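Everything on this sheet refers to the single structure shown next.
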Amino acid sequence: MDTVQKAMAGFSLDLGPLKEPLGFIRVLEWVFSIFAFATIGGYTGTTHLTVSCPDRDEPVEAFFAYPFRLAMKPYCLPLCNGSCTETYLQGDFSSSAQFFVCVGVFAFLYCTATLIVYLGYRSVYLQTSRGPVIDLLLTAAFAFLWLVSSSAWGKGLTDVKYATDPNRLVHLCTSCKAGEFPSMGRLNASVIFGFLNLILWAGNCWFIYKETPFHKVPAPPSTMQEGGAPGP
């Protein structure tokens, strides 16, 4: 209880940092990190095939969803005799998808924490060099994680598109025809948001660097006193 009271006593809301690049870019990072993991989390898609039977066409729908363990859920492929056989999409792309979402969630949490510090504990943040230095190191680490996770998920998304392409799945039977390609606009947007986060976090490193003791402002040149003579 005493710790909470001390923390609240040091809290002083100041929206001024939001007008500076340091705070404004952090808000953008907070928003774009939400967009990054929200566009991939909860995604569901369907790839379509058609089986041409002598008397009718049988539509086939193969469902898949985040985290893209495609072989987890079977779909029924009609045999034109009233029965069907269970078939699976192939591929497990959960590692790159979950890594991307994990980076997005932790980036969102870090942005929330630092915004609280910027707006409520600005004086404490600048009291010593430790705060800006730690902030710089963690921001640079997140920029690297965004690079790795976005690149990995970009490759994973390419593999998901290949594995769910109805034009490739028609080899399952001689009477299969390709249907509608699954809608993946959300997944394409997630990759774009991932690389936008990379740009934001990498660029923000400069503004945090200016708050650290590593960024030295050159001292102004000394001037002669008025009326004094120059030295030898």
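The values are calculated or read from the model by the stated rules, or taken from the named source; none is laboratory data. Note that the coordinates shown come from a computational prediction; the quantities given were computed from them, not determined experimentally. Cβ: placed from backbone, ideal geometry, glycine included. Neighbour counts: every protein chain shown. What goes into the accessible areas is simple: the full protein's heavy atoms, side chains included, and nothing from ligands, DNA or RNA. Shrake-Rupley method; radii C 1.70, N 1.55, O 1.52, S 1.80 Å.
Being open to solvent by 20 Å² or more (accessible area, probe 1.4 Å) and of a type in the set (Ser, Thr, Tyr) is the filter here, so list the residues in segment 102-124 that pass it.
The answer is Tyr110, Thr112, Tyr121, Ser123.
Regarding segment 156-165, can at least one residue be identified that is closer than 18 Å to Tyr88 by Cα, open to solvent by 70 Å² or more (accessible area, probe 1.4 Å) and at pLDDT 90 or above?
Scanning segment 156-165, I find at least one residue that is closer than 18 Å to Tyr88 by Cα, open to solvent by 70 Å² or more (accessible area, probe 1.4 Å) and at pLDDT 90 or above, so the answer is yes.
Looking only at segment 46-68, how many residues end up being modelled with pLDDT of 85 or more, open to solvent by less than 30 Å² (accessible area, probe 1.4 Å) and of a type outside the set (S, T, N, Q)?
Number satisfying all stated conditions: 7.
So for segment 204-216 (the condition being basic (Lys, Arg) and not in a helix (DSSP H, G or I)), does at least one residue qualify?
yes
What is the one condition in (1) assigned to a strand (DSSP E or B); (2) touching a residue at least 24 places away in the same chain (Cβ under 8 Å); (3) surrounded by fewer than 17 Cβ atoms within 10 Å (Cβ to Cβ) that Cys76 does not satisfy?
So Cys76 meets the others, but not (2).
How many residues does segment 79-101 hold that are in contact (Cβ under 8 Å) with a residue 40 or more places away in the chain and open to solvent by less than 60 Å² (accessible area, probe 1.4 Å)?
Of the residues in segment 79-101, 9 are in contact (Cβ under 8 Å) with a residue 40 or more places away in the chain and open to solvent by less than 60 Å² (accessible area, probe 1.4 Å).
Taking only segment 83-138 into account, find how many residues are more than 30 Å from Ala62 (Cα to Cα), under 26 Å from the mean Cα position of the chain (by Cα) and outside any helix (DSSP H, G or I).
Looking only at that region, the number is 0.
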